[in-house]
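K.L.:
The structure under discussion is supplied below as structure tokens; questions concerning it will follow.
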């Protein structure tokens, strides 16, 4: 089935699905006004994230055009469900921000 | 675009007109509850300590409870103390008088000779105040008299996509009309503080924004707590929020886009008008109560998972961006911003609609939490009791 997702910024490497997704669904989202698709590699609940790029351990996960964490597993192929199971929060460097 | 409110002698304008029965400490709280139960139009807020507190906690207690009395939705206050507590009735009275010249009566249980005598006198005083309050005319006031508190709790991934940006639009509208809006919850700035700091009106305010985030992480580290192990909450994770950065980046949308003109300490009243920040914990109830103590007449509270939270002094308008939550918890949620995710409305259109809903509440519409009479109250603390 075809399901929709929201890409918040064109540099994001995850998009948010707006309905429950089952493995094999085609996920459609707009990137800079252009329609793109990704195939879901697994089931995932509504409003969770799906990778739209191949990711490897330590890669920054980008949503809202900002870093929301790093990949904590060896790899996550395009179409993988991205959640707290496979990404971790990164420490802040407040001194550099001041 | 006006509302009908109650002008107070200190110049501020309320949207509700209640008499507050205020305890200095836990030992007078139950007496206050009994008094309020006997007087229609009187309310009470709980105080679960007010004694055996370290200095910094005592200061928070004074700031918070005097702030409740000064909140413009309150006509006047009946303050009840025990007589031997750390948070003394005399000091609390003086803190209230520093903030407002509204009617104030004080009773001390040990001086009155027990609960029954205190209740007798306090009920008389409260009844008189309620009658006086009923004579305050409702007059028309502009949006510039409004001070909105913005909160979120039980977030899911729809919060950052719909509910928070919609509330951000409302915040911008109020600020553009000369009013004020405060966003709180320092925990939920962490990971997005660099984005939020760009809104600082001055380099000093930028430093304060980064500084409160750094201080919170260090404070929690002192008790061997990594902030990231408690955040996001299990419900947040189930709802699609995986890290504190993701939560915060979605959260800060609720504060809009206008320059931040002041960073307030917990439960402090602002000295400036416009877009403000208050340094509160990510614990939503302790954050709402602090903003009410800071003088907010109305609160907008976004939620993804759904929450029942209310406040007895200021009406709380509950907003969700999750259509399913709105349907499932329609007795708790006032406004559905899920239409933004469906593409039926833009963020700006939905924000204008929410602004109108907020104005209705300011004109007297009862929110869902108000209809239940919900009265959550929680206070931030620095450390253990003595």
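K.L.:
How many of the residues making up the stretch B:82-98 are surrounded by 23 or more Cβ atoms within 10 Å (Cβ to Cβ) and under 23 Å from residue B:286 (Cβ atoms)?
P.N.:
Residues meeting the conditions: 4.
K.L.:
Turning to a different aspect of this structure: Search the stretch B:165-198 for residues being within 11 Å of chain A (Cβ to nearest Cβ) and assigned to a helix (DSSP H, G or I), and hand back the single one that is surrounded by the most Cβ atoms within 10 Å (Cβ to Cβ).
P.N.:
Start the filter on the stretch B:165-198 by keeping residues that are within 11 Å of chain A (Cβ to nearest Cβ), which leaves B:165, B:189-198.
Then drop every residue that is not assigned to a helix (DSSP H, G or I), which leaves B:165, B:189, B:193-198.
Details: B:165: 24, B:189: 28, B:193: 21, B:194: 19, B:195: 16, B:196: 22, B:197: 21, B:198: 11.
Taking the candidates together, the pick is B:189.
K.L.:
To continue, here is another question. Hey, can you tell me all the residues within the stretch B:94-122 that are in contact (Cβ under 8 Å) with a residue 40 or more places away in the chain, within 27 Å of the chain's Cα centre (by Cα), assigned to a helix (DSSP H, G or I) and closer than 18 Å to residue B:44 by Cβ?
P.N.:
B:122
K.L.:
Let me ask something else. Give B:37, B:52 a once-over and let me know the one that is within 24 Å of residue B:134 (Cα to Cα) and surrounded by fewer than 22 Cβ atoms within 10 Å (Cβ to Cβ).
P.N.:
So the residue among B:37, B:52 that is within 24 Å of residue B:134 (Cα to Cα) and surrounded by fewer than 22 Cβ atoms within 10 Å (Cβ to Cβ) is B:37.
K.L.:
Further question on the same structure: Going by the structure shown, is residue B:154 outside any helix (DSSP H, G or I), under 30 Å from residue A:63 (Cα atoms), within 14 Å of chain A (Cβ to nearest Cβ) and within 19 Å of the chain's Cα centre (by Cα)?
P.N.:
Criteria met by residue B:154.
K.L.:
Right, here's the next one. State yes or no: is residue B:279 over 18 Å from residue B:193 (Cα atoms), more than 11 Å from every other protein chain (Cβ to nearest Cβ), in contact with a strand residue (DSSP E or B) (Cβ under 7 Å, 6 or more places away or on another chain) and buried (at least 19 other Cβ atoms within 10 Å of the Cβ)?
P.N.:
Working: over 18 Å from residue B:193 (Cα atoms): no; more than 11 Å from every other protein chain (Cβ to nearest Cβ): yes; in contact with a strand residue (DSSP E or B) (Cβ under 7 Å, 6 or more places away or on another chain): yes; buried (at least 19 other Cβ atoms within 10 Å of the Cβ): yes.
No: the conditions fail for residue B:279.
K.L.:
Check B:231, B:268, B:225 and return the single one that is surrounded by fewer than 24 Cβ atoms within 10 Å (Cβ to Cβ) and at pLDDT 95 or above.
P.N.:
B:268
K.L.:
When you scan the stretch A:72-92, how many residues do you find that are in a strand (DSSP E or B) and either closer than 18 Å to residue A:27 by Cβ or away from chain B (no Cβ under 11 Å) (or both)?
P.N.:
The total comes to 4.
K.L.:
Under 7 Å by Cβ, and 6 or more places apart or on different chains, what pairs join a residue from the stretch B:315-342 that is in the same structural domain as residue B:253 (by TED's automatic domain parsing) and surrounded by fewer than 19 Cβ atoms within 10 Å (Cβ to Cβ) with one that is modelled with pLDDT of 95 or more and part of a strand (DSSP E or B)?
P.N.:
The qualifying pairs are B:323/B:336.
K.L.:
Within 9 Å of another protein chain (Cβ to nearest Cβ), closer than 28 Å to residue B:253 by Cα and either part of a loop (DSSP other than H, G, I, E, B) or modelled with pLDDT of 95 or more (or both) - does that describe any residue in the stretch A:19-42?
P.N.:
no
K.L.:
Quick check on the stretch B:11-27: of everything there that is at negative phi and either in a loop (DSSP other than H, G, I, E, B) or free of Cβ contacts under 8 Å to residues at least 24 places away in the same chain (or both), which residue is surrounded by the most Cβ atoms within 10 Å (Cβ to Cβ)?
P.N.:
Only one residue fits best here, namely B:24.
K.L.:
Continuing with the same structure: If the requirement is being in contact (Cβ under 8 Å) with a residue 24 or more places away in the chain and under 16 Å from residue B:184 (Cβ atoms), which of these qualifies: B:240, B:282, B:306?
P.N.:
From the options B:240, B:282, B:306, the qualifying one is B:282.
K.L.:
Evaluate the following for residue A:8: is it under 27 Å from residue B:195 (Cα atoms) and either modelled with pLDDT of 95 or more or surrounded by 19 or more Cβ atoms within 10 Å (Cβ to Cβ) (or both)?
P.N.:
So residue A:8 fits the description; yes.
K.L.:
Looking only at the stretch B:210-226, which residues are assigned to a helix (DSSP H, G or I) and either out of contact with any helix residue (DSSP H, G or I) (no Cβ under 6 Å at 6 or more places or on another chain) or more than 9 Å from chain A (Cβ to nearest Cβ) (or both)?
P.N.:
Of all residues in the stretch B:210-226, those assigned to a helix (DSSP H, G or I) come to B:210-222.
Correct list: B:211, B:212, B:215, B:216, B:218, B:219, B:220, B:221, B:222.
K.L.:
Does residue B:305 count as farther than 25 Å from residue A:70 by Cα and within 14 Å of another protein chain (Cβ to nearest Cβ)?
P.N.:
Taking the combined requirement at face value, the residue satisfies it.
K.L.:
Test residue B:103 against the criterion of being buried (at least 16 other Cβ atoms within 10 Å of the Cβ), within 20 Å of residue B:11 (Cα to Cα) and touching a strand residue (DSSP E or B) at 6+ places or on another chain (Cβ under 6 Å), and give yes or no. Don't jump to the end; show me each part of the working.
P.N.:
On the way: buried (at least 16 other Cβ atoms within 10 Å of the Cβ): yes; within 20 Å of residue B:11 (Cα to Cα): yes; touching a strand residue (DSSP E or B) at 6+ places or on another chain (Cβ under 6 Å): yes.
Spelling it out, residue B:103 is indeed buried (at least 16 other Cβ atoms within 10 Å of the Cβ), within 20 Å of residue B:11 (Cα to Cα) and touching a strand residue (DSSP E or B) at 6+ places or on another chain (Cβ under 6 Å).
K.L.:
In the stretch A:48-71, which residue that is in contact with a strand residue (DSSP E or B) (Cβ under 6 Å, 6 or more places away or on another chain) and at positive phi is farthest from the other protein chains (Cβ to nearest Cβ)?
P.N.:
The selected residue is A:58.
K.L.:
Being within 11 Å of another protein chain (Cβ to nearest Cβ) and in a helix (DSSP H, G or I) is the filter here; which residues of the stretch B:227-236 pass it?
P.N.:
Passing the criteria: B:227, B:228, B:229, B:234, B:236.
The values are calculated or read from the model by the stated rules, or taken from the named source; none is laboratory data. The model shown is predicted, which means the values in this text are computed figures rather than measured ones. So basically every Cβ, Gly included, is an ideal-geometry build from the backbone, and we count neighbours across all protein chains shown.
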